[in-house]
Amino acid sequence: MSYYRGICNFCGTGCGHLLQVENNRVRGVYPLPGHPLSRGRLCVRGWHIHELLQTEERITRPMIKEGDSFRPVSYEEAIEFTASRLKNFRGREVACLGSPRASNEENYLFGKFARAVMKSNNLSLTSDAGLEESARILLEGCGFPAMTGSLSELRQAEFIMVVGGDLTKQNPIIASEIHFARRSGAFLATISPRKTQMARLSQKHLRPNPGTIWLLLEALARALQTEGLVKADYLDDKIENARQYLEYLDSLHLKQVSELTGVEEQEIILLARKFYESESAYVFYPVGIQSLDRRSMSALLNLFLLAGKPGRPAGGLCPVTGISNLLGSLDMGVSPAFLPGYFPADKEISWKRLEELWQVSLDRTPGQSAGSCLLENQSLRALLVVDHDEEIIRHINRIKELDFVVYFGAYQNAFAGLASVVFPRLSYVEEDGTYTNSERRVQLSQKKVEPPAGIRPLWETLSRLAGALGQPWPYKSAEDIMAEISRVVPQYSGLSYEKLRASPGIKWPVDDLHLSGTEYLLAEEAGCRFRFVFDRSPDRFQNISSVNEGRFPFKLVVGRSNYFWHQNSVMKRTFIPKREYNALLLLYPKGFVEISEEDARALGLREKQPVRIISEAAEIKLAARISPDILPGMLYIPYFIEEMISGFLHHQASDLEKNEEFFLPVRLEKVE
Amino acid sequence: MEKKLVPIITVPEVATVTDIREEIAEVRTFYFTFDRPEIEQAFKIRSGQFIMCTVFGAGEFAVSLPFSPENDRKHISVRKVGRVTSALHELQPGDRIGIRGPFGNGFPFEEIKGKNLVYVAGGIGLIPLRSSIIHVLQHRSDFGRLILVYGARTSRDLMYKDSIREWQATRDFETYFTIDRPEPGWNGQVGFVNQLVAGLSLPAENTVAFVCGPPVMFNAVIRELKLKGIKEQNIYSTLERHMKCGLGKCQHCAIGRTLVCVDGPVYTYKQIRTLGEQI
Amino acid sequence: MYWLSGDKVSLLVDRLAEDYAVYGPRRDEVSGEVIFDRLNLLSRLDLQAAIPYNPPKYVLFPQYEEIIKYLYERQSRKVTIEKIDKLQPKALIGLRACDLTGILCLDRFFLGQEFVDEVYLEHRQKLFLISNTCVRPFPQCFCVCTDSGPAAREGFDLDLTFTGQGYLVLVGSRKGQRLVEEIGLQEAGPEAMARRKKIIDESVSSFDNFALENKAWISRATNRLTTGFIKPEVWEYIGNQCFECGACSFVCPTCSCFNVEDVNRMGGATDRVRTWDSCSFEGYTKMAGDHNPRKPVEDRRNKRFFCKLSYSQSKKYLRPGCVGCGRCARVCPGDIGLPNVVTYIRREITGE
């Protein structure tokens, strides 16, 4: 046989595919029919994963940096050297950056290495900020940290709302399921300033001004209230702080909201009604690099609760992850906020439990994300990084100052050059591992090809390092690690490789109560008690009104693009997806900024005319690309243009990391 | 009698770059000879054809042939526009390149015998026309009047200055040159090519035009030629498209029902107009 | 016509396996879905299985294939180029009629017109083809609308038709004749031809009951596509639903667009690689520099359907480019497989 079943490793959809293997090389890919979510479909990225897996730009040996170059060494030497250096650093001096592309087993062990061996809680992913925030809000609001619904029920949906992001580009197959749901009768609404493809496929598209999505969502809740669509007995019964929230909503005036968001009052009321009237509802929002902000995510939760939607089938609050195992990585506790299994790091009981399970003493010092450490933590001296995309290069100067940097990676990239020691890692087809998609589906990806000679699995490298640092670990295989995960992570307690081998994935929680997994959050199980999540800040409009006028009249929004998004190091090893990315850059070799037809006309701009974008801190020259998808007053640049990340946006790096609602006040000048 | 052409189809033939000349900014001419003498001997082209050129380690690109089928050094003139052509520009004399081809239809000299010929080129649009001009000069008596109208942005952007000097010295060859803006030392015209074309007096019935250049110039020139009553089937151009195989198989160069690599690259304007795509 | 009893199929397959790498339909253990795959275990061949999810196109026209390999030594400026030979002969057994028609289309395209594609030719010369009549259509099928099934008419070495007890074997070539004689098949008797025809007729008449997923009455659409009289709004409606994944081209038994890249390998050698491509991609027609003659997504959709269904394009294949296998409808994230597009075009014509 040459076709083997597997799981696509690009985005958080987790589509099933067939990999064609010949002479130990992956020569082709085909969608897996009968996969319960992807149902025999793949997107442009998924259709070309074999091109990536053909690359020979691998890291094949451990290497130690000497001067400006690397010396290939044996594993023994690399481990001995690394251990001898690492033992000099502890706790706050260390930061560990896991990879949302790595398996649950790898991330679990990497987290254990950080916490148990390095005694450091500076443990994160790059793109976790949004997902972690979402998990915190969902936990607080409904006691469940991830997608409360299930994607496999999407085609039965009655109402679907997609908020922010560009779902057809980021998670095309989830978007496809939504498209099919709409074609079989669901009502589809999109809330996004940009006229995305999803917006074009929707019956209703509300376009709030950049930065006002959260306000529009609160207004939808307010409209439920003013239209008399709120059931008082349900609220009193199920929701602890219902009265406080209703009071909070009281002060919101739809007319004022309409002015600030640019969305008509009538439209808000209409959508609120539609939402209320549907038996169940799906709400999608992106988490990851480009995520909805905290206020919008909270407002969505509140709207969902207020309309009485939780706990119903064919619906749910659905954070969508951009990278294959982003959710799994957070499940494994690669986060300063959560220990494995979403035990909060600020509760002593979480630490006691983990110390007992791991039989080791742990440090309780609150941790930071690796990104924040690089920006703010002056005592940082050592950095451990697993298979990283290149955007961390933003912190290149700080990284160069560090005493010791360890990189575990499968492919050669610019980051590896900054490391003191480099360890090779297997690609995902060379080793067993589990990956958890957006809908909590844990899928086993089995080994399909033999790795290049001499490369050892990451779990083995980490185990040997732990051993060299005085903590012998017993793992003999990835399966052993899953056995431990099932003891440490309650949501995974019923999972085993044996079970996963015979299934197309199982959605956590999998435990004694849910032997075959969980489709959607049952209200009864959530303890029947929900909470609205909101801040009663005195001036909720503060940030909105101040940016409209003045020296910087445009709102510049930064977005991802279909073929490339933020995964340079991955996509540049393909042909077709890379070409499609280059296609845009060929048309606009110096990058581009999108501007509305109206604004372009007012400014007398021609297509491709060079313009200067000026913010408070920096400026950049780009070509204008006139687009019907852009609202007047808004500018849009795709995230992938390297110059922008390293130069122009560098000054805004910390803001940019926060969320999608982030925009930069700028002005635009023609270059004559 | 022309010998039957046997193009190189799949495996490129190795050739040595013998000489490199800076033509204008970003455009260089690469002279080459095939390493195998029998190929050097057998490699015959028609004016208007193209080849696929491999830059080893970088890739392959399609390029039209500027040299004449007879008594001319083999060369290509290439603008640095992408990754592969940039790699070509890195080469030094003595380096090797790979050649497949020649491909495409070429100009129909048999059909236009006895006619007046007007060549209109803008910028590097002269590259695909050069071969044909030299061919006509070599068979001068077969044709009527011979006119070249050539324009570029500045005098520094005019291609093939040596050849042009020779052509200017030829009797029976009317040449007109223009640049966009006045320059010190420039004796030719100033303005756009189409304005020069407008000024020509041409008998509509017996004239054939060859037009190559950027889309804006192309369309403006076509307009002028049509105003002179020249029929669309008597206006020729060569189309450039993204190509991967040259054999009519990869389909990258498909326009409507035609494939530029085998049906073209030379088309009459009448054909082009019905293709239903931008030029 | 010969007779192959059900228990003798292995005889045929084992004989083939002596000279060929054998490919055929098999079921996936977990999902039960059917894949056309290399059969390392010959017992996995399942001639009763439904039409495979993937067409056998990849065997002749691989998704990723090195066509030449070269080494350029920068110091000595020495070049060595070698053509990559495909040595292994392959047998495809259990081809559905639509997929065999697909191969015939590829033949006419790659081996016909101005040039013979040498890379394809090498694959093709070493093939042994055994088709398998669809005695009952599958839900996605519309080969009766595209004149490409349910039974093969030409192009096979052997053709099988299941009767319930065994197979009627039709010989299509001398290669096929030799094989039949080698394994000692008996003549099927004078009624065999009529029996085969009856089975096929029954299959055709059961399309109304079983082939319910797609209806593609392509003739009217062909007319419209050829003349180009289709409103831009129709293409825009279709274009809005296109996710630009390329799947329709990749799963189509007759789509043959490819891309070529030179890939530098470790050790200094370079492979010239040919990979599947799709005209639905924006970068497909893009030229180096600054020019893309075909930009909006609806133009590119338009282009593909023109290629599949217009009269002028059918010159390439001497028939329509669609073989009615229904795969594009199954893999399309936008639900704009060819049958739906035909429906939208017809809807415009009929004003329904």
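Please treat every number below as a calculation from the coordinates, not as lab data. Owing to the predicted nature of the structure, the values given are computational and were not obtained by experimental measurement. Cβ placement follows ideal geometry from the backbone for every residue including glycine, while neighbour counts extend to all protein chains displayed.
Points to keep in mind about this one:
- Global geometry of the range B:109-238, whether rounded, prolate or oblate, following the gyration tensor of its Cα atoms and the 1.5 cut on a/c: oblate
- Per-residue shielding of A:31-44, expressed as the average number of other chain Cβ atoms within 10 Å of the residue Cβ, stands at 6.
- Value of [θ]222 nm, deg cm²/dmol, for chain A, DSSP H segments ≥ 4, -39500 (n - 2.57) each, nearest 500: -9000 deg cm²/dmol
- Cleavage-rule hits (trypsin sites (Lys or Arg not before Pro)) in the range B:142-206: DSSP loop, at most 16 neighbouring Cβ within 10 angstrom: B:R145, B:R153, B:R171
- Scaled against 2.2 N^0.38 Å for its residue count N, the alpha carbon radius of gyration of the protein assembly as shown is 0.99.
- The charge dipole of chain A, taken about its Cα centre with unit charges on the Cβ of Lys, Arg, Asp and Glu (plus for the first two, minus for the last two), comes to roughly 1080 debye.
- R0 of 56 Å, Cβ-Cβ distance C:D14-A:L362: FRET efficiency to nearest 0.05: 0.35
- Radius of gyration and Dmax over the Cα atoms of chain A, both given in Å: 24.4, 72
- Leading residue at positive end of dipole, the protein assembly as shown (Cβ point charges), from B:L275, C:S43, B:S141: B:S141
- Per-peptide average of other Cβ atoms within 10 Å, ordering A:352-358, C:314-320 highest first: C:314-320, A:352-358
- Global geometry of the range A:1-154, whether rounded, prolate or oblate, following the gyration tensor of its Cα atoms and the 1.5 cut on a/c: oblate
- The packing ranking of peptides B:126-139, A:503-516, highest mean first, is B:126-139, A:503-516, where packing means the average number of other beta carbon atoms within 10 angstrom of each residue.
- Computed over the range B:109-238: relative contact order in percent, which uses C-alpha pairs under 8 Å that are six or more apart: 29 percent
- With only the Cα atoms considered, the range B:8-102 has a convex hull volume of 93 Å³ per residue.
- Nearest-20 debye value, the range B:1-87 charge dipole, Cβ charges on Lys, Arg, Asp, Glu: 180 debye
- Dipole moment magnitude, nearest 20 debye, chain C about Cα centre, only Lys, Arg, Asp, Glu C-beta charged: 620 debye
- The range A:3-53, relative contact order [Cα under 8 Å, separation at least 6], %: 31 percent
- Applying a 4.7 Å Cβ-Cβ cutoff to chain B, the cysteines left without a disulfide-compatible partner are B:C53, B:C212, B:C253, B:C261.
- Per residue of peptide C:19-28, the mean number of Cβ atoms on other chains within 10 Å of the residue Cβ is 1.
- Partner chain coverage, peptide B:208-214 - average Cβ within 10 angstrom: 0
- Once both labels are positioned 7 Å from their Cα atoms along Cα-to-Cβ, the gap between B:E38 and C:M266 label points is 3.9 nm.
- The order of the peptides B:74-83, B:36-45 by mean Cβ neighbours within 10 Å, most packed first, is B:74-83, B:36-45.
- Ranking C:Y20, C:V171, A:P100 by Cα position along the charge dipole of the protein assembly as shown, where only Lys, Arg, Asp and Glu carry charges on their C-beta atoms, puts C:V171 farthest toward the positive end.
- The distance between label points at B:Q189 and C:R27 comes to 7.8 nm (points 7 Å beyond Cα on the Cα→Cβ vector).
- Take every Cα pair under 8 Å whose residues are at least 6 apart in sequence, average their separation, divide by the length of chain A, and the relative contact order is 19 percent.
- Cα extents for the range C:2-350 along the principal axes, largest to smallest and rounded to whole angstrom: 67, 66, 43.
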